[in-house]
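> Quick one: the structure is below, questions incoming.
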Amino acid sequence: MRQAEIKRNTNETKVAINFSLDGEGKSTIDTGVPFMDHMLDLFIKHGLFNGDIKADGDTHIDDHHTTEDIGIVLGQAVKEALGDKKGIRRYGNAFVPMDDALAQVVIDCSNRPHLEFRCELPNEKVGTFDTELVQEFLWKFALESRMNVHVIVHYGKNTHHIIEAVFKALARALDEATSIDPRVKGVPSTKGLLT
């Protein structure tokens, strides 16, 4: 099983994640940030991962620290679950429509973290959630998972739909990139390593 359990405790947040790359889309999520609960639930479901995500943070201030730290811990869990990366496809690309919005996410499990975020969000908030935190979450996820993540929103009018399409595309691209291809011997790199 390609699985990891990671905890992070700071003066601002406590985050615990148990994550499996080879799952059935089952999740238990309670972060104290309702919009992130929704996004993480569909991320697990559409990536066919399994995940238990629990966070307790200083949401009385705002959702920043909690959202950021979930990105950190989830990225670390994905990196640990991948192990030596032998046999993986390495690259993943997914287009996902959500009503008016079309999002694309492209991933390289390269050990060279980078986030390219080509996304215009029409509104600063969805409910009480600050939409600028989407980029913050994705950057920390890319950094800690040691992945190259490109997010391109081709179009969209509804902010909720855009963000949902991004998280679904992230899930599907990650599932593709981390899938085992029996034709791959060792790691898919001319360097001979992806760590």
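The values are calculated or read from the model by the stated rules, or taken from the named source; none is laboratory data. Keep in mind the model is a prediction, meaning the values are calculated, not measured. A quick note on method: Cβ atoms are made from the backbone with ideal geometry, for glycine too, and the neighbour counts reach across all protein chains shown. For the accessible areas, the whole protein counts, side chains as well, though only heavy atoms, and no ligand, DNA or RNA atoms are used. Shrake-Rupley method; radii C 1.70, N 1.55, O 1.52, S 1.80 Å.
> For labels at ASP37 and VAL184 in the simple 7 Å Cα→Cβ model, what's the distance in nm?
My value for the distance between the label points is 3.5 nm.
> Sum up the charges of everything whose Cβ sits under 13 Å from the Cβ of MET1, counting Lys and Arg as +1 and Asp and Glu as -1, but leave MET1 out.
-3
> What's the FRET efficiency of GLU120 with TYR91 using the Cβ-Cβ distance as r and R₀ = 25 Å, to the nearest 0.05?
The value I calculate is 0.45.
> So who's got an amide H within less than 5 Å of the one on GLU116, skipping anything under 5 residues away but keeping other chains? H placed 1.01 Å off N, in plane.
VAL149, HIS150, VAL151
> By how many nm would the segment from THR28 to GLU12 lengthen if fully extended, with 0.36 nm per residue of separation less the alpha-carbon distance?
3.6 nm
> Can you give the net charge of the other residues whose Cβ lies under 14 Å from the Cβ of THR13, counting K and R as +1 and D and E as -1? Write out the running numbers ahead of the final one.
Details: positive: LYS7, ARG8, LYS14, LYS54, LYS140; negative: GLU12, ASP30, ASP56, ASP58, ASP62, ASP63, GLU68, ASP69, GLU136.
Local net charge: -4.
> Another question, if that's okay. Pairs LYS7/LYS45; LYS7/LYS79; LYS14/LYS45; LYS86/LYS185: which are spaced more than 19 Å apart, C-alpha to C-alpha?
Too far apart for the 19 Å limit: LYS7/LYS45; LYS14/LYS45.
> With a 1.4 Å probe and every protein chain kept in, tell me what percent of the accessible surface of the chain is carbon plus sulfur.
Summing carbon and sulfur atoms, their accessible area is 47 percent of the total for the chain.
> Over the chain, give the accessible area per residue in Å² for a 1.4 Å probe, as an integer.
Accessible surface, normalised per residue, equals 48 Å².
> Here's a follow-up. Show me, for region 123-130, the HN-Hα J-couplings you get by feeding each phi into the Karplus relation (A = 6.51, B = -1.76, C = 1.60, θ = phi - 60°), rounded to Hz, glycine and proline as x.
10, 7, 9, 10, x, 9, 8, 6
> Something else about it: For the chain, what is the calculated [θ] at 222 nm in deg cm²/dmol (nearest 500), taking -39500 (n - 2.57) for each run of four or more DSSP H residues and dividing by its residue count?
It comes out at -11500 deg cm²/dmol, rounded to the nearest 500.
> How big is the charge dipole of the chain about its Cα centre, in debye rounded to the nearest 20, if each Lys and Arg gets +1 on its Cβ and each Asp and Glu gets -1 on its Cβ?
On the way: 23 positive and 30 negative charges, 247 e Å.
Magnitude of the dipole: close to 1180 debye.
> Once the piece of chain linking GLU5 and GLU132 is laid out straight, how much longer is it, given 0.36 nm per residue of separation minus the C-alpha distance between them?
Working it through step by step, the gained length comes to 43.0 nm.
> Sticking with this one: Hey, what do the phi angles of region 7-16 turn into as Karplus ³J(HN,Hα) couplings, whole Hz, using 6.51/-1.76/1.60 and θ = phi - 60°, x for Gly and Pro?
Along region 7-16, the couplings run 10, 9, 10, 10, 5, 9, 8, 10, 10, 9 Hz.
> To the nearest 10 square angstrom, what accessible area does SER110 show with a 1.4 Å probe?
That residue has around 10 Å² of solvent-accessible surface.
> Also, quick follow-up: For the chain, take the alpha-carbon Rg, divide it by the Kirkwood Rh, and send me Rg/Rh.
0.96
> Sticking with this structure for a sec: Restricting to Cα pairs below 8 Å that are 6+ residues apart, what does the relative contact order work out to for region 1-144? Please round to a whole percent.
This gives 24 percent for region 1-144.
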